[in-house]
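The values are calculated or read from the model by the stated rules, or taken from the named source; none is laboratory data. Every value quoted in this text rests on a predicted model; they were computed, and no experiment measured them. Positions of Cβ are generated from backbone atoms using ideal geometry, with glycine treated the same way; all protein chains shown enter the neighbour counts. When the accessible area is computed, the model is the full protein with side chains, heavy atoms only, and any ligands, DNA or RNA have been set aside. Shrake-Rupley method; radii C 1.70, N 1.55, O 1.52, S 1.80 Å.
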Amino acid sequence: MEVNVYNIKGEDTGRKVTLNESIFGIEPNDHAIYLDVKQFMANQRQGTHKSKERSEIAGSTRKLGRQKGGGGARRGDIKSPVLVGGGRVFGPQPRDYNFKLNKKVKTLARKSALSYKAQENAIVVLEDFNFETPKTKDFIAMTKKLNVSDKKVLMILPESNKNVYLSARNVQKAAVQTISGLNTYRVLNAGTLVFTESALSAINKILI
């Protein structure tokens, strides 16, 4: 699959690049995508939820009423779960939600997500560029000229670029990502992927 290369003015440079079929042209594996996105979302959870059980609540251990004959549920002290303000039964406890996922599955998931974007023609290739100073106005102008300003844009760079990152930081529908940190969730969450030529070359070394 060939894609035209544009400059930051939105002009066609007349050059084309070929998207690697082993990355952008595979049969997507939905289950691998599910597992990778599930792991990413699980890693975002702090897992600090906590409720007190009856042994952790302050209060007397005196039995409040007789065991039988009261007409209601049997209960012991003021910390009983059947009473308002008592301990909670099987409440949430701090835990780590992370789980292991094989590298080959993660690689397959990323390839599958990129293949979906290629099928949707949601990939734009941009020649390498840089901003002299951070300017949000310049970044917005570039997205308008590329006809992607109305979509969620994920710009993928070969390495971190402070000026480009700061220029895009305040744009609501835009994000900048280095190729090494690219993951399935961010690819699927974007409406359009904008690769620089160097980033497209680098992805072949990472995912093959």
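Within segment 16-39, which residues are part of a strand (DSSP E or B) and either under 14 Å from residue 112 (Cβ atoms) or free of Cβ contacts under 8 Å to residues at least 40 places away in the same chain (or both)? Once the filter is applied, which keeps residues that are part of a strand (DSSP E or B) and either under 14 Å from residue 112 (Cβ atoms) or free of Cβ contacts under 8 Å to residues at least 40 places away in the same chain (or both), segment 16-39 yields 16, 18.
Results for (1) in a loop (DSSP other than H, G, I, E, B); (2) over 22 Å from residue 103 (Cα atoms); (3) of a type in the set (S, T, N, Q); (4) out of contact with any Ser or Thr (no Cβ under 8 Å at 6 or more places or on another chain), shown as yes or no for each residue.
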{"site": "151", "(1), (2), (3), (4)": "yes, yes, no, no"}
{"site": "160", "(1), (2), (3), (4)": "yes, yes, yes, no"}
{"site": "172", "(1), (2), (3), (4)": "yes, yes, yes, yes"}
{"site": "186", "(1), (2), (3), (4)": "no, no, no, yes"}
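Residue selection: residue 75 fails the criterion of being within 30 Å of residue 38 (Cβ to Cβ) and either open to solvent by 70 Å² or more (accessible area, probe 1.4 Å) or out of contact with any Gly (no Cβ under 9 Å at 6 or more places or on another chain) (or both). Taken over segment 191-208, the residue count meeting the criterion of being farther than 15 Å from residue 165 by Cβ and free of Cβ contacts under 8 Å to residues at least 60 places away in the same chain is 4.
Considering segment 145-190, and only residues there that are under 16 Å from residue 131 (Cβ atoms) and in contact (Cβ under 8 Å) with a residue 60 or more places away in the chain, the residue that is surrounded by the most Cβ atoms within 10 Å (Cβ to Cβ) turns out to be 146. The single condition among (1) over 27 Å from residue 35 (Cβ atoms); (2) open to solvent by 20 Å² or more (accessible area, probe 1.4 Å) that residue 204 does not satisfy is (1).
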